[in-house]
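Each remark here refers to the structure printed beneath this line.
Please treat every number below as a calculation from the coordinates, not as lab data. Keep in mind it's a predicted model, so treat the numbers as computed, not measured. For neighbour counting, all protein chains shown are included, and Cβ atoms are generated from backbone atoms with ideal geometry for every residue, glycine included.
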Amino acid sequence: MNAESPQSGYRPETVLDTDAQQVGKLYSRAFLGAAQKAGQTEELLEELGSLVDDVLDKNPAFARMFGSQVMPHDEREAMIDRVFRDRASQLMVNFLKTLSKHGRLGNLRAIRTEAQDLYDQQQGRIKVIVTTALPLEDEVKSAIADAVRQRTGGEPVLIERTRPDLIGGVVVQIGDTLFDGSVAARLRRMREKMIDRSVHEIQSRRDRFRTTDGN
Amino acid sequence: MKFKADEIASVLQTEIENYESQVDVREVGQVLEVGDGIARVYGLSGVMAGEMVEFPGGVNGLAFNLEESSVGVIILGDYRGINEGDEVKSTGQLLSVPVGDAVIGRHLDPLGNPLDGRGPVVTSDRRPVEFLAPGIAHRKPVHEPLQTGIKAIDAMTPVGRGQRELIIGDRKTGKTTVAIDTILNQKGKDVKCFYVAVGQKDSSVANVVGVLREHGAMDYTTVISAGGSSPAPLQYVAPYAGCAMAEHFTYNGGHSLIVYDDLSKQAVAYRELSLLMRRPPGREAYPGDIFYCHSRLLERALKLSDANGAGSLTALPIFEPQEGEVSAYIPTNVISITDGQIYLQPDLFFAGVRPAMNAGISVSRVGGAAQIKTMKKVAGGLRLQLAAYRALEAFAQMGTELDAATQSQLDRGRRMVELLKQGQYSPMDVTDQVLSIYAGTSGHLDEIDVSRVREWEADFLTFMRDQKPEICDQVAACQDAEDFKQAYDDATKAIDGAVAEFQAQFTSKIEKAEAASA
């Protein structure tokens, strides 16, 4: 990115691995299906979240071993039994065993994210990423939520981010559509427009800008 | 150049005053990976195939592959400034290039950016790069000639306005020269010319531009180049971009000529892109739609019907097969798409026959419809005569004794081959061509020494222009005469008379020269 770009210094988060995401989508659908059949969707989702946040994230060595293909399936299954049998629900243990059988335990994080997204979607919740230069006040937050609710008919889930280089205003992203009302974007557009206009004026009527007294 | 600061300030001030603040709504995605001129983008869920997207820093891309979880984008420009995670926005527009009089005389890249250092192309006219060729109802048969100015081609494989004539031959056989000569010959004929260089050495392109400028051809020519150092996406897009610029004139009732130099390089660039995009490789690793890649480009060359303004777009694609292998995959494709081919052969080239056209296997499927009547009459049997000569020549090499008739056929053939030789960058007027070829086919050259044929021709044409301009006019007027046969007979009689007069002058000149050297 060139130095003039108003976004310099800011690095957006790096996107996930799309292959893992595809796998995650598939398993999360199965997971949610099973959970809904058992009538424990919320609980199981929370359990899955907690498995990632409280177990895997806190014990990186275990996470590495858990996700690796080095250990044969039988041993992994026995380990899942030993570790989780009395500490997790039966459905979760079964789900982990299924993943282990297909060698997909390494995709657990992607499955969790996708399951959450899918559930949100089913519940009519919409992920809204709100980026501002300064942390948002509650009134503004509820105003944005109201506006989104009115426009889309869904229940917004606000994810806040701060980026000082926006200078002011607000950037709202719903899905892939970005509503950019930031001061930085306006300044950038104004700059582009002025350059375009000046180039056009200069090129179309060169004489007007040229003085006769030499170069 | 100095700027008047206050003038600019006033322009800028009005801009600021009129600036309306709006919320910028755009569809965005993020770069997953980038390299080799392509990027994979996550998001952009509403993007259309072929839509332009914009990377930070103003670099544009083209949505090429729409996949389930990502979008494959070809990057038209410098991809080194693009990073993983960068925001990509869709523009809702298709790729387009500037068109119109503003591009004439310019040297541009395939996106319409200047390469000649003469500032941006000032025009608001744009035309989409990809355009579906119109159907048969909008066309009419090719009927007017596009004079290439090259005797061998205009006589034996004539090119008509709206035709697609392939120039095919190994490296260093004069393919580009044929195309350049054709462009030079369009001077004053109201044909806009476009030379698209794909994957060429930048030095060769600079050379071509130099030649065009030197001969005053840049006044009606645009050069679009994506050199060997340009990324594959630009090389792939260049012919379509050039075609869009040429079409602008065609659809406004004008005539244009476009040279694609060369399509083998474009096929290679497209193969590179497709493989990087992980499209399945087919024969010779080319993607399955390589035929469509060329056919949709060449189908855009056409002669429009009178109701559509009767404009024309003539295409001269150049193709360089490897080691003369015309039966390879891509050459056969291109040969089957075009309306004929001019086949240039290295052995002829090195034997001094230039243009090194092999008359036997070069064809023009439009044929006589693309010739003026006089030329058709004069050069009617020439192709067959030359082919017969080539066969006899091989036979004669065996040293057998020949009868007088065969010997005279051989002698005539040798002189015709000599007569059809032509220097580069010296296209000839069609009347001159008719005079030369008539002199050859009617036997006026039979007594002249083979080594003096070209000298004879040059002197004869000078003689005709200087001393018998009325005969030149008479020959040119035949085309429009009510009774063509009568006019033609009269004209040939006049030429015969003039030749007899010239013959005496030429003989005495030779004798004098020989006496002087002795």
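When Rg and Dmax are taken over the Cα atoms of region A:22-84, they come to 13.3, 35 Å. For region B:51-163, what log10 I(q)/I(0) values come out of the Debye formula at q = 0.10 1/Å, with one point per alpha carbon and no solvent? Reported log10 I(q)/I(0), two decimals: -0.52. Look at B:Ser426, B:Ser451, B:Ser364, B:Ser305 and count the other Cβ atoms within 10 Å of each Cβ; fewest to most, that gives B:Ser451, B:Ser426, B:Ser305, B:Ser364. Among the trypsin sites (Lys or Arg not before Pro) in region B:47-152, those placed in a DSSP loop whose Cβ has at most 10 other Cβ atoms within 10 Å are B:Arg118. Inter-chain neighbour count for B:116-125: the average number of beta-carbon atoms from partner chains within 10 Å of each residue's beta-carbon is 2. Cross-link partners of A:Lys58 among aspartates and glutamates, defined as those whose alpha carbon lies under 16 angstrom from its own and excluding same-chain residues fewer than eight positions apart: A:Glu47. Rounded if a/c is under 1.5, else prolate if a/b is larger than b/c, else oblate: which is region B:312-386, with a ≥ b ≥ c the root eigenvalues of its Cα gyration tensor? Since a/c reaches 1.5 but b/c is at least a/b, the shape of region B:312-386 is classed as oblate. Calculated translational diffusion coefficient of region A:159-199 (20 °C, 1.002 mPa s; Stokes-Einstein with Kirkwood radius over alpha-carbon pairs) equals 187 µm²/s. Beta bridges from DSSP with both residues in chain A: antiparallel share about 60 percent, rounded to the nearest 5. Considering only alpha-carbon pairs that sit under 8 angstrom and 6 or more positions apart, the relative contact order computed for region B:441-503 is 32 percent.
Comparing A:Ser198, A:Ser89, A:Ser142 in a Gaussian network model of chain A, where Cα atoms under 10 Å apart are tied by springs, the biggest mean-square fluctuation is seen for A:Ser198. In order along region B:374-386, the Karplus-derived 3J(HN,Hα) couplings, from 6.51 cos²θ - 1.76 cosθ + 1.60 at θ = phi - 60°, round to 4, 5, 4, 5, 5, 9, x, x, 4, 4, 5, 4, 5 Hz, and Gly and Pro are given as x. Annotation: amide H of B:Ile342 within the under-5 Å range of B:Leu166, B:Ile167, B:Ile168, sequence separation 5 or more or interchain, hydrogens built in the peptide plane. Using θ = phi - 60° in the Karplus curve 6.51 cos²θ - 1.76 cosθ + 1.60, the 3J(HN,Hα) couplings for region B:208-220 round to 4, 4, x, 4, 4, 5, 4, 8, x, 8, 6, 5, 10 Hz; x is entered for Gly and Pro. Our summary gives chain B a relative contact order of 14 percent, counting only alpha carbon pairs under 8 angstrom and 6 or more residues apart. Here the scattering of chain A is modelled by Debye summation over its C-alpha atoms, one equal scatterer each and no solvent; at q = 0.14 Å⁻¹ the log10 of I(q)/I(0) is -0.99. Residue by residue along B:27-33, Cβ atoms of other protein chains within 10 Å of the local Cβ number 4 on average. Is region B:200-293 rounded, prolate or oblate when judged by the Cα gyration tensor, a ≥ b ≥ c being the square roots of its eigenvalues, rounded requiring a/c under 1.5 and prolate requiring a/b larger than b/c? Since a/c reaches 1.5 but b/c is at least a/b, the shape of region B:200-293 is classed as oblate.
Rounded to the nearest Hz, the phi-derived 3J(HN,Hα) couplings of region B:294-307 under the Karplus curve 6.51 cos²θ - 1.76 cosθ + 1.60 (θ = phi - 60°) are 7, 5, 6, 6, 6, 5, 6, 6, 6, 10, 7, 6, 4, 5, where x marks glycine and proline. Relative to the longest principal axis of the Cα atoms of chain B, the long axis of helix B:453-467 lies at roughly 90 degrees. Between the listed residues B:Tyr79, B:Gln322, B:Pro98, the Cα displaced farthest toward the positive end of the dipole of the protein assembly as shown, a dipole computed from Cβ unit charges relative to the Cα centre, is found at B:Gln322. Fewest-first ordering of B:Ser124, B:Ser517, B:Ser225, A:Ser68 by other beta carbons within 10 Å of each residue's beta carbon gives B:Ser517, B:Ser124, A:Ser68, B:Ser225. Summarising the amide proton neighbourhood of B:Val259: residues at separation of 5 or more, or on other chains, whose placed amide H is nearer than 5 Å comprise B:Phe194, B:Tyr195, B:Val196, B:Leu316. With a 10 Å cut-off around each Cβ of B:86-93, the average count of Cβ atoms from other chains is 2.
Computed over Cα pairs, the Kirkwood radius of region A:96-215 leads via Stokes-Einstein (0.890 mPa s, 25 °C) to a diffusion coefficient of 132 µm² per second.
Excluding same-chain residues fewer than 8 positions from A:Lys141, which lysines have a Cα within less than 22 Å of its Cα? In chain and number order, the partners are A:Lys127. Out of all DSSP beta bridges in the protein assembly as shown, what portion is antiparallel? Express it as a percent rounded to 5. The answer is about 60 percent antiparallel. When A:Ile174, B:Ile330, B:Ile183 are arranged by Cβ crowding within 10 Å, least crowded first, meaning fewest neighbours, the order is A:Ile174, B:Ile330, B:Ile183. Short to long, the 10 Å bins of the Cα pair-distance histogram for region B:141-244 hold 14, 43, 36, 7, 0 percent of all pairs. Counting only residues at least eight positions apart within a chain, or on another chain, the lysines with an alpha carbon under 28 Å from that of B:Lys493 are B:Lys151, B:Lys373, B:Lys376, B:Lys377, B:Lys421, B:Lys468, B:Lys485, B:Lys509. When you filter the GluC sites (Glu not before Pro) in region B:325-415 for DSSP loop state and at most 14 other Cβ atoms inside 10 Å of their Cβ, you are left with B:Glu325, B:Glu401.
Rounded to two decimals, the Cα radius of gyration of the protein assembly as shown over 2.2 N^0.38 Å is 1.32.
Across the options B:Leu420, B:Ala439, B:Met398, the greatest Cα extent toward the positive end of the charge dipole of region B:346-495 (unit charges at beta carbon of Lys, Arg, Asp, Glu) belongs to B:Met398.
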